[in-house]
1. Residue check, LYS127 against (1) touching a strand residue (DSSP E or B) at 6+ places or on another chain (Cβ under 6 Å); (2) within 16 Å of the ligand (Cβ to nearest atom); (3) of a type outside the set (A, V, I, L, M, F, W, C), all met but one. Which one?
2. Filter the range 132-180 down to the residues that are more than 14 Å from the chain's Cα centre (by Cα), farther than 14 Å from LEU220 by Cα and among the aliphatic types (A, V, I, L, M) and list them by number.
3. What residue, among those in the range 133-156 that are within 16 Å of the ligand (Cβ to nearest atom) and in a loop (DSSP other than H, G, I, E, B), is surrounded by the most Cβ atoms within 10 Å (Cβ to Cβ)?
4. Of the residues in the range 182-195, how many are closer than 17 Å to SER124 by Cα and over 20 Å from the mean Cα position of the chain (by Cα)?
5. Considering (1) at pLDDT 90 or above; (2) within 25 Å of the chain's Cα centre (by Cα); (3) surrounded by fewer than 16 Cβ atoms within 10 Å (Cβ to Cβ); (4) charged (D, E, K, R), say which one ARG257 fails and leave the rest.
6. For GLU95, only one of the following conditions fails: (1) within 13 Å of the ligand (Cβ to nearest atom); (2) of a type outside the set (Gly, Ala, Ser); (3) in contact (Cβ under 8 Å) with a residue 24 or more places away in the chain. What is its number?
7. Look through GLU77, GLU68 and report the one residue that is at pLDDT 95 or above, over 19 Å from the mean Cα position of the chain (by Cα) and more than 11 Å from LEU6 (Cα to Cα).
8. Go through ARG51, ARG22 for me and flag whichever is more than 16 Å from the ligand (Cβ to nearest atom) and within 27 Å of the chain's Cα centre (by Cα).
Amino acid sequence: MSAGILYLCATPIGNLGDITQRVLDTLRVVDLIAAEDTRNSLKLLNHYEIRKPLTSYHEHNKYEKAEELVSRLQRGESIAVISDAGTPAISDPGEVLAARCIEQGIRVTSLPGACALITALTMSGMKARRFCFEGFLPADKKERRRILEQLSQEERTMILYEAPHHLRETLRELDHTLGSERRVTLCRELTKKFEEAMPFTLGQALAYYGENEPRGEYVLVLEGMDPARKEESRRQSFQELPLAEHVAGYEAQGLSRKDAMKRAAADRGVTKREVYQALLREE
Ligand code: SAM
């Protein structure tokens, strides 16, 4: 018997019209629909008059339930996965099931459609040629600090998901790490009646939410670090280091004196000759 197929089906993120014909056709023919929130998904399925067996697949049963679903797929059943909203596997448990199926040699296919990160990025006006998606920042303090530090050097546009009750705290941390002047577009209620994409600097966003209650789910689209400014701050940090120490640092890494001077010159944005002469003066 051949194994079934796992269909990752994108569903609307707010507007019931945002579902593809192919997703509807697939939901009508599969043996089982695994839904993150069965009550919520029932509204969608009822709206489209789709009557199929439903089972819950969510954050708290994603590992055990994946095994059960994999067994059913191995027995030849076809299964569609739908998340609470948007594209399964993007910041939701569909990721675990897809990975487990691939490990087991089960075919996984993805039916594209609504996704909050792409909707927010495209309407933000921020650079979309290169971007990185961070999902929700981790709750663990140490890990969170590590990621924020990494993001402080990121040149690409950054996209984050956030729930309303954590928005202020996240804005405060971003403001602290990326600086108050960094541009951010806060997108909320996407595809819904009161959809908003609010362009701010981080400082302005903090002030705004100091006075206004965050409402609804948010996508934060952050401008990446300007490469020229990044280079400038790198140079500045080297300027603070005494030249002899700078060169010695590279020599300690195994570079010849000549190469160490070359590297230090590049770091400081000066010529090798200038480094050489400055070192002579220091000696
Ligand atoms: N799988 C989904 C997708 O494709 O975007 C994301 C699921 S994740 C559990 C939920 C988060 O997505 C929310 O906290 C919010 O950050 C974002 N999100 C989903 N729908 C949204 C909407 N209509 N407006 C703004 N953000 C939304």
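1. Failed condition: (2).
2. Passing the criteria: only ALA139.
3. Among them, the one singled out is LEU137.
4. Number satisfying all stated conditions: 3.
5. ARG257 satisfies every listed condition except (2).
6. (3)
7. GLU68
8. ARG22
The values are calculated or read from the model by the stated rules, or taken from the named source; none is laboratory data. These figures come from a predicted structure and were not determined experimentally. Ideal geometry is used to build each Cβ from the backbone, glycine not excepted, and the neighbour counts take in all protein chains shown.
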